[in-house]
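Data first, discussion second: the structure below is written as C-alpha cells.
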Amino acid sequence: EDRLSKSKYLAGDFFSLADLAHLPFGENLVGPCGKEYMIKERKHVSAWWDDISSRPSWKKVNEACKTLE
C-alpha cells in the first residue's frame with residue numbers, strides 16, 4: 001500500500017516485470033481463494049490491481065487458461 005501510494009506501479013510509473021509477476025497470484029486471490037478483500041480493502045493496491053488485471057494482454061491469457069481447465 002505504501003509503495004503504491006508513491007507510484008502507479010510497483011517499480012515506478014511504468015508497467016514492469018514486478019507487476020506482471022503478481023498477476024497469477026493476484027488472480028488466484030480474487031478468484032478461487034475468495035480473498036479479494038486483501039486487495040480491495042487497500043485503496044492504492046486496489047487501484048493498481050484494477051489497472052493491471054484489466055490489461056487486454058492479461059485478459060487474453062486469463063481466458064486462454066480458463067479453456068484449459
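The values are calculated or read from the model by the stated rules, or taken from the named source; none is laboratory data. Please read all numbers here as calculations on a predicted model, not as lab measurements. Because the Cβ atoms are built from the backbone with ideal geometry, glycine has one as well, and the counts that use them run over all protein chains shown. These area figures cover heavy atoms from the full protein model, side chains too; ligands, DNA and RNA do not enter into them. Shrake-Rupley method; radii C 1.70, N 1.55, O 1.52, S 1.80 Å.
Things to note:
- Taking 21 Å as the straight-line reach from the Cα of residue 66, the lysines in range (excluding those fewer than 8 positions away in the same chain) are 35.
- Per-residue ellipticity at 222 nm computed for the chain from its helices equals -15500 deg cm²/dmol, with DSSP H segments shorter than 4 residues left out and the rest contributing -39,500 (n - 2.57).
- Dipole magnitude of the chain about its Cα centre (Cβ charges: Lys, Arg +1; Asp, Glu -1), debye to nearest 20: 80
- Going through (i) 65; (ii) 79; (iii) 60, the figure that equals percent of Cα pairs over 14 Å apart as computed for the structure here is (iii).
- Å² per residue, accessible surface of the chain at 1.4 Å: 70
- The fraction of accessible area contributed by carbon and sulfur in the chain is 59 percent, rounded to a whole number (1.4 Å probe; ligands and nucleic acids excluded).
- Look at the alpha carbon pairs under 8 Å that are at least 6 residues apart: their mean separation over the length of the chain gives a relative contact order of 28 percent.
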